[in-house]
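A.B. asks: Take a look at this one; I'll ask things after.
The values are calculated or read from the model by the stated rules, or taken from the named source; none is laboratory data. As the structure is a prediction and not an experimental result, all values here were calculated from the model. No Cβ is skipped: glycine too gets one built from the backbone with ideal geometry, and neighbour counts run over all protein chains shown.
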């Protein structure tokens, strides 16, 4: 996304904000995967 109507500093801020949203989703995904490994592979309680 290049956002033709925006200045470079606005684009930079927007990209950082969008990336921060993706990071929070990715972080949750990793946590879910670790919980699945703990339960299924290691046999830890829920």
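A.B. asks: Please go through region 16-46 and give me each residue that is surrounded by 10 or more Cβ atoms within 10 Å (Cβ to Cβ), part of a loop (DSSP other than H, G, I, E, B) and either at positive phi or modelled with pLDDT of 90 or more (or both), ordered by number.
C.D. replies: Residues satisfying the conditions do not exist here.
A.B. asks: Next question, about the same structure. Being loosely packed, with under 10 Cβ neighbours inside 10 Å and in a helix (DSSP H, G or I) is the filter; apply it to region 5-15 and report the residue that is modelled with the lowest pLDDT. Even if it seems obvious, please write down each step before you answer.
C.D. replies: Of region 5-15, the ones loosely packed, with under 10 Cβ neighbours inside 10 Å are 5, 7-9.
Now drop any that are not in a helix (DSSP H, G or I), which leaves 8-9.
Values: 8: 84, 9: 88.
Looking at residues that are loosely packed, with under 10 Cβ neighbours inside 10 Å and in a helix (DSSP H, G or I), I get 8.
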